[in-house]
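Student: Quick one: this structure, given as structure tokens, is what I'll be asking you about.
Every read-out reported here was derived from the displayed coordinates using simple, explicitly stated rules and does not represent laboratory data. Quick caveat: nothing in here was measured; it's all calculated off a predicted structure. In this analysis, Cβ positions are derived from the backbone assuming ideal geometry, glycine residues included, and neighbour counts consider all displayed protein chains.
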Amino acid sequence: MSEAAAGVCPRCGAEASGRFCSTCGSPLGADAGCGSCGARLKPGALYCSECGNATAERPRKTAGAHLPWILSALALGAFSVVIALLVQRGTVPRTGDMTMTGGLPGEPGGAPSAMPSMEELAAMTPRQAADRLYERTMAEHEAGDMERSAFFIDMGLQAYAAVPPEEVDADLHFHIGMLRFFAGDSTAARQRAERILEDDPDHLLGLLLSARVADFIGDAETAARSRARFRDVVEREGGVPDRPEYQAHARLIEGALDDEE
């Protein structure tokens, strides 16, 4: 009878070849039998196909097999810590019960406000943490620190990717669109504007983002059309509609209106 190929002993789990295990002496290959019912075992079988009895200890995984999971866990932990540290470095306070929706926070030259404690930060939802990073990006960009702004853009986009689908709204699309816009990805930014306007053709944030992207890529016709619709909506409503996302981005909207005058 020919020797069996190298494999694992079904009885003790040791690496083995030939007809018998050199560690425990158990038969290998076609000669291997279940220690419980005696049924023939397939080479390398961990359980008997007849009685279900375990035929050997499962081979231990090497440290290298666990490495991807270890690295993933470390990366997730590092990402959470970085978000916590970055958010604590400063942003502006909200007024009343305004939701965390961002905008260009603070007054020019204003000092950073007191930050929440680590316990409060840990209680934030993914959306709240993502919006804080968006605010930091806008603040750094407004201050002219492009290097720090770019760093917060990457962190913000990662944070928004963790937001549950049921929390995705026009304000979130606007935030991601602005982050993509400042990252130089005009195609992705335009897609976010289109997503907003598909649901609401008169949404001011969608029109504002559309106009900015159009300016960036040199599409004068789309830029003019978006701004004209933006102005028409405000005139038709007798002012900026009272919506939470408009309140949070009041400076951007007022700035766009001033440009029209």
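Student: What's the long-distance tail for segment 181-261, i.e. % of Cα pairs beyond 17 Å?
Tutor: 43
Student: Pop out the ³J(HN,Hα) list for segment 234-242 in order, Karplus 6.51 cos²θ - 1.76 cosθ + 1.60 with θ = phi - 60°, rounded to Hz; leave Gly and Pro as x.
Tutor: Once θ is set to phi - 60°, the couplings for segment 234-242 become 5, 5, 5, 7, x, x, 6, x, 7 Hz.
Student: Another question, then. Would you pull out the residues with amide H under 5 Å of F20's amide H, same chain only if 5 or more places away, H placed 1.01 Å from N?
Tutor: When sequence neighbours closer than 5 places are left aside, the close amide H contacts are L28.
Student: So for T222, T23, fewest C-beta neighbours within 10 Å to most, what's the order?
Tutor: The order, fewest Cβ neighbours first, is T23, T222.
Student: Now a separate question. If you rank S22, S226 by fewest surrounding Cβ atoms within 10 Å, what's the result?
Tutor: S22, S226
Student: Hey, another quick one. Roughly speaking, what is the centre-to-centre gap between segment 137-160 and segment 222-261 when only Cα atoms are used, to the nearest Å?
Tutor: Using only Cα atoms, the two centres lie 24 Å from each other.
Student: How do H141, H173 rank when sorted from fewest to most other Cβ atoms within 10 Å of their own Cβ?
Tutor: H141, H173
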